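Working notes for the structure below.
Any read-out appearing in this document is the output of simple, stated calculations on the displayed coordinates, not a laboratory observation. Owing to the predicted nature of the structure, the values given are computational and were not obtained by experimental measurement. Positions of Cβ are backbone-derived with ideal geometry, glycine not excepted, and every protein chain shown enters the neighbour counts.
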Amino acid sequence: MPHLLKVSNLSFAYKKGNLLFDNLSFALKRGELKAIVGESGVGKSTLFELILDNLKPLSGTIKVASCSQVFQDPYSSFHPSYTLLNQIEDVAPVDELQKYLKLINLDYDLLLKLPHELSGGQLQRASILRALLMKPDILLLDEPTSALDNVIQLEVMKMLMNHLDSMAMLLITHDMELAQWCADEVITI
């Protein structure tokens, strides 16, 4: 099975001589969920920026299939002046919208609102909805359940894991217990 993501000998630094990564290598196949864990400031979110080609590595290579991302802060991932439905329709087909709304326990009426009219948990579920509707090969998850209460966290992670037959997932989390529970491999950086 070919890799959907292959990071080879990746090195990166914002400041010369202060490497965040030095020869980091890992790969991800369809059906796999790998977790990236580490202290704040070690470069977990920077790794996603490199994978998305928003930053350039000092050395090494990243080969990646199509991605969509769920950000840690759902308020920053939606434009404040447009309804959620408008923003979802701009990037993804909505033919399976009802199916996914049911899976993530979100009412359609909430999609007709502006982002500030939803709770953080509702907005995060809308962010997950948008990412899934994009049908990526890889789903990049940056603390996707941090805005959710414990019961909803578990439901959302189980629902995401049910999609591993059609994609791969890379999860950033501070929660080692969550990482060990859901990931095929935990990568500490």
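Straight distance only, please: which lysines reach the Cα of K56 with their own Cα at less than 22 Å, same-chain residues fewer than 8 apart left out? Output for K56: K6, K15, K16, K44. So which GluC sites (Glu not before Pro) in the stretch 94-165 are both in a DSSP loop and have at most 15 other Cβ atoms within 10 Å of their Cβ? Passing sites in the stretch 94-165 are E96. Using a Förster radius of 25 Å, what is the FRET efficiency between N9 and S40 based on their Cβ-Cβ separation? Nearest 0.05, please. Plugging the Cβ-Cβ distance into 1/(1 + (r/R0)^6) gives 0.50. Net charge within 15 Å of L85 by Cβ-Cβ distance, Lys/Arg positive one each and Asp/Glu negative one each, not counting L85 itself? Once positives and negatives cancel, what remains is -4. Per-residue extension of 0.36 nm, minus the Cα-Cα distance of E177 and K158, leaves a gain of 5.4 nm for this segment. Loop-located GluC sites (Glu not before Pro) in the stretch 28-92 (DSSP state other than H, G, I, E, B) with a sparse environment of at most 16 neighbouring Cβ atoms within 10 Å: E39. This model, with +1 at the C-beta of Lys and Arg and -1 at the C-beta of Asp and Glu, gives the chain a dipole about its Cα centre of some 560 debye. Model label points for A27 and K135, set 7 angstrom from Cα along the Cα-to-Cβ axis, are 2.7 nm apart.
Inter-label distance, D165 to N54: 3.2 nm, where each label sits 7 Å from its Cα along the C-beta direction. Projecting label points 7 angstrom from Cα along Cα→Cβ for Y75 and H116 puts them 1.0 nm apart. Calculated on C-alpha atoms, the gyration radius of the chain divided by its Kirkwood radius gives an Rg/Rh of 0.97.
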